[in-house]
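Below: the structure, in structure tokens.
The values are calculated or read from the model by the stated rules, or taken from the named source; none is laboratory data. Everything numeric in this text was worked out from a predicted model, so none of it was measured. Every residue, glycine as well, gets a Cβ built from its backbone with ideal geometry; the counts of neighbours run over all protein chains shown. The protein model used for the area step is the full one, side chains on, heavy atoms only, and it has no ligands, DNA or RNA in it. Shrake-Rupley method; radii C 1.70, N 1.55, O 1.52, S 1.80 Å.
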Amino acid sequence: MKKNGFHVAVFCVAFCFALSLGAQDEKPYKLLSSETYMEMESVGSPAISPDGKNIIFTRVWVDKLNDRSNSSLWITDVEGKRIRELTPGNWRDSSPVWSPDGRKVAFISDRDGTSQIHVIWLDTREVAQLTHVESAPSSLSWSPDGRKLAFSMFIADEKPILKVELPRRPKGAKWADPAILIDRLSWRSDGRGPLPKGNSHIFVSDAELGGTPQQVTSGDFSHSGPEWADDGQKVYFSAIRKPDPEYQENDSEIYVVDLKTLEITALTDRKGPDYGPKVSPDGKWVAYSGYDDKNYTSHLSNLYLMDSSGGKKRTLCSDLPGSPANIIWAADASGVYFMMAERGESNLHFVSLEGKTKKVTSGVHYIYGLSVSRTGQAAAVVSTFDRPGYLTTFSLLKPAEFKTLVDVNADLLSGIKLGEVEEIWYKSTDGWDVQGWLIKPAEFEPGRKYPMLLWIHGGPWAMYNVAFNWEWQNFAANGYAVLYTNPRGSTGYGQDFVNGIQYSYPGKDYDDLMAGVDAALAKGFIDKDNLFVCGGSGGGVLTAWIVGHTDRFRAAVSMRPVINWHSFVGTTDGHMWYRQFQKYPWEDPMEYAVRSPLHYVANVTTPTMVMTGEADLRTPIGQSEEYYRALKTLKKDTLLVRMPEEYHGWRRPSHRLLQQIYLMAWFEKYRL
């Protein structure tokens, strides 16, 4: 074990980065250094014009002076010959949506300090701000005639919960802020903080002049996902318009509101969520997502179809490996296209009105942000092991012929040697097949042994994929192999695989991870005495669980973990975590204890860093502090790292980079 202190280790990591930069001058390639992080950009939200000739997208970059990410709108033709910035400025422009005639684009911008709806005329590049509202609008949708915009927006409930009055304060007195009264099941949200009481409603606004938006939904319910009927006289949406809606979680329905009478009609009524209505081009059908609630701890969704009045309901496709997303109707209304993540990849699929499903694209890539024009020309963002997301276009008639239009990181990564990625499949407990990937060190040499980092995903209902990952490749640049897998509970492998941790998390997913480490060791180039492990959120849970059940790792970092389920379920920002257990904690506290990493803290011998955000409301800081104090009380080798003013995921680019540097320093401290 290295004897130098942690701060010396941090210095050594930085010094090694500097040395590696100098050493690279003597090599025909460069390595992915920490200096590249702030230079990375991304593209997203591609929106192809109705005629299929132009694509608008967001370009995101790091504002180093203000330590935040900003974005602007760019446009390119589908040949990639004319790429231009549409909305220059040091702010955040997002969510572009084309008008039906292709002459204007609506988008959200915070250029005046608040998020508002704007419209840009493409012929003149003139921009108009259409709203001056108090809450941020979202889910923009143009009416078929292009004259109106529908959107959703939060409206605060100003009715007093318990009315009281203080005596009149003296003139000029500076009294403390008043008390905050809470009468809801959930009253705060990670990334946003304390939530005012109220609901989200659907609004309609004039798309030319803006003005005061018209609220078209009512009641003490929240509504989302507005979708216009083909005649522009009605709007479909999803909501839980039932008694005690906060107790009816995952039981939303599809509704439609008549814009003349404001009459709202429920179109679905089954037990389980129905959401995301999409109207067919001929106006006859509505496709939507959902599932029958079977009391699973996590459900995969199916695709459904009904006529525009809510009749003739039927399942379009079900029992899929993953949940369908990004639903888009074919121009001839013959069926719908959808994206689906499966076995680490994301590809385009199609299902006909008769329920026949086919895979449209294929390949070892991750496609997201699909947009399809009336002509069948599509735009999307694609990422692979060695390429961050880049803008592409292809025809639905020739889906194998992708054309790269914009790659904002090609210049930065030019000449950089990345770690080679190998897909692995292996057997785990009960004979289950588990998929993972092993990244070799960037300067891999056969015959040598290398340290390996096991990086565990959160969720736990999520899926690691084949997209580029800077953090992992940065570790590969520093001589580490990186293993990442999808243990049971992950999505992309069907409902039975998700159910592998039903009322048992952590559980046999631990066995899957250890079997993955064994499979990596069998490759012959991993040093079994130099194994490390880390993960965030659900990955932080499993990291803390691992060090309480094995001593095979040299060091560990548990980021944003749940440590004590008994205290967590009542303090996290959502109330649905009670559903992960068969009973409430006051009914069976041992069910919570035996699944808590805290229960096994006395077994820990691995040096374990705990990292958390001070403003985290998803896995509150108390979880990390509880684990750190237990480790410290037992005189275990540990360190607590608190990121100031950060929620569950770091918002500041410097903090995201600092996480990487702390990880590297902690592992280097114990690396043999």
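The single residue among 479, 540, 489, 535 that is at pLDDT 95 or above, in a loop (DSSP other than H, G, I, E, B) and crowded, with 24+ Cβ neighbours inside 10 Å turns out to be 489.
I'm trying to understand the selection: among the residues of segment 429-447, which are open to solvent by 10 Å² or more (accessible area, probe 1.4 Å), of a type outside the set (Lys, Arg) and part of a loop (DSSP other than H, G, I, E, B)? Across segment 429-447, the qualifying residues are 432, 443, 444, 445, 446, 447. For the residues 375, 361, the requirement of being open to solvent by less than 30 Å² (accessible area, probe 1.4 Å) and part of a loop (DSSP other than H, G, I, E, B) singles out 361.
Across segment 80-92, a minimum of one residue is classified as polar (S, T, N, Q), more than 24 Å from the chain's Cα centre (by Cα) and part of a loop (DSSP other than H, G, I, E, B). Contact map, segment 514-528: residues that are within 19 Å of residue 421 (Cβ to Cβ) paired with residues that are open to solvent by 50 Å² or more (accessible area, probe 1.4 Å), Cβ distance under 7 Å, separation 6+ or inter-chain. Pairs shown: 521/528; 525/448; 525/449; 526/449. Scanning segment 33-60 for residues that are over 24 Å from the mean Cα position of the chain (by Cα) and more than 25 Å from residue 472 (Cβ to Cβ) yields 49, 50, 51, 52, 53, 54. How about segment 191-280: which strands (runs of 3 or more DSSP E) wholly inside it have at least 2 residues that are buried (at least 20 other Cβ atoms within 10 Å of the Cβ) and in contact with a Lys or Arg (Cβ under 6 Å, 6 or more places away or on another chain)? Passing ranges: none, list empty. The residues of segment 654-663 that are surrounded by fewer than 19 Cβ atoms within 10 Å (Cβ to Cβ) and touching a helix residue (DSSP H, G or I) at 6+ places or on another chain (Cβ under 6 Å) amount to a single one, 660. Every test in (1) within 30 Å of residue 35 (Cα to Cα); (2) among the β-branched types (Val, Ile, Thr); (3) open to solvent by less than 60 Å² (accessible area, probe 1.4 Å) is passed by residue 404 save one, and that test is (3).
For segment 93-109: of the residues being polar (S, T, N, Q) and part of a strand (DSSP E or B), which is surrounded by the most Cβ atoms within 10 Å (Cβ to Cβ)? Of everything passing the filter in segment 93-109, 109 is surrounded by the most Cβ atoms within 10 Å (Cβ to Cβ).
In this structure, is residue 398 modelled with pLDDT of 95 or more, out of contact with any strand residue (DSSP E or B) (no Cβ under 8 Å at 6 or more places or on another chain) and more than 16 Å from residue 463 (Cβ to Cβ)? Yes: the conditions hold for residue 398.
For segment 452-464, give me each residue that is surrounded by fewer than 23 Cβ atoms within 10 Å (Cβ to Cβ) and over 16 Å from residue 516 (Cα atoms). If the condition is that a residue be surrounded by fewer than 23 Cβ atoms within 10 Å (Cβ to Cβ) and over 16 Å from residue 516 (Cα atoms), then 458, 459, 461, 462 are the ones that fit.
Just to be sure, is residue 522 within 20 Å of residue 450 (Cα to Cα) and open to solvent by less than 20 Å² (accessible area, probe 1.4 Å)? Judged against the criteria, residue 522 is not a match.
Here's the yes/no breakdown for (1) at positive phi; (2) free of Cβ contacts under 8 Å to residues at least 24 places away in the same chain; (3) among the aromatic types (Phe, Trp, Tyr):
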site	(1), (2), (3)
614	no, no, no
619	no, no, no
628	no, yes, yes
636	no, no, no
645	yes, no, no
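Among residues of segment 582-596 that are touching a residue at least 12 places away in the same chain (Cβ under 8 Å) and over 18 Å from residue 541 (Cα atoms), those with a beta-carbon under 8 Å from a residue that is open to solvent by less than 100 Å² (accessible area, probe 1.4 Å) and assigned to a loop (DSSP other than H, G, I, E, B) at least six positions away or on a different chain give the pairs 582/503; 582/588; 585/569; 585/570.
This table checks each residue for (1) more than 30 Å from residue 66 (Cα to Cα); (2) not polar (S, T, N, Q).
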position: 603; (1), (2): yes, no
position: 635; (1), (2): yes, yes
position: 656; (1), (2): no, yes
position: 666; (1), (2): no, yes
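Taking segment 145-190 as the range and being surrounded by 11 or more Cβ atoms within 10 Å (Cβ to Cβ) and not in a strand (DSSP E or B) as the test, the residues that pass are 145, 146, 147, 157, 161, 181, 182, 184, 185, 186, 187, 190.
So that you can scan it fast, the table gives a plain yes or no per residue for (1) more than 30 Å from residue 127 (Cα to Cα); (2) touching a strand residue (DSSP E or B) at 6+ places or on another chain (Cβ under 7 Å):
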| site | (1), (2) |
| --- | --- |
| 198 | yes, yes |
| 208 | no, no |
| 242 | yes, no |
| 265 | yes, yes |
| 271 | yes, no |
| 303 | yes, yes |
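Each residue in segment 24-53 was checked for being at pLDDT below 95 and open to solvent by less than 40 Å² (accessible area, probe 1.4 Å), and 1 pass. Residues that are outside any strand (DSSP E or B) and open to solvent by 20 Å² or more (accessible area, probe 1.4 Å) within segment 419-428 comprise just one, 420.
If you filter segment 110-133 down to residues that are open to solvent by 90 Å² or more (accessible area, probe 1.4 Å) and touching a residue at least 12 places away in the same chain (Cβ under 8 Å), you find that the one that is farthest from the chain's Cα centre (by Cα) is 123. Taking first residues from segment 177-190 that are among the small types (Gly, Ala, Ser) and partners that are open to solvent by less than 80 Å² (accessible area, probe 1.4 Å), the Cβ contacts under 6 Å between residues at least 6 apart in sequence or on separate chains come to 186/574; 186/575; 189/195; 189/573.
Note on segment 124-146: residues that are in contact with an Asp or Glu (Cβ under 7 Å, 6 or more places away or on another chain) and of a type outside the set (S, T, N, Q) total 2. Number of residues in segment 494-530 that are of a type outside the set (S, T, N, Q), outside any helix (DSSP H, G or I) and within 15 Å of residue 297 (Cα to Cα) equals 5.
Could you identify the single residue in 492, 436, 524 that is within 24 Å of residue 619 (Cβ to Cβ) and of a type outside the set (Asp, Glu)? When all the criteria are applied, what remains is 492.
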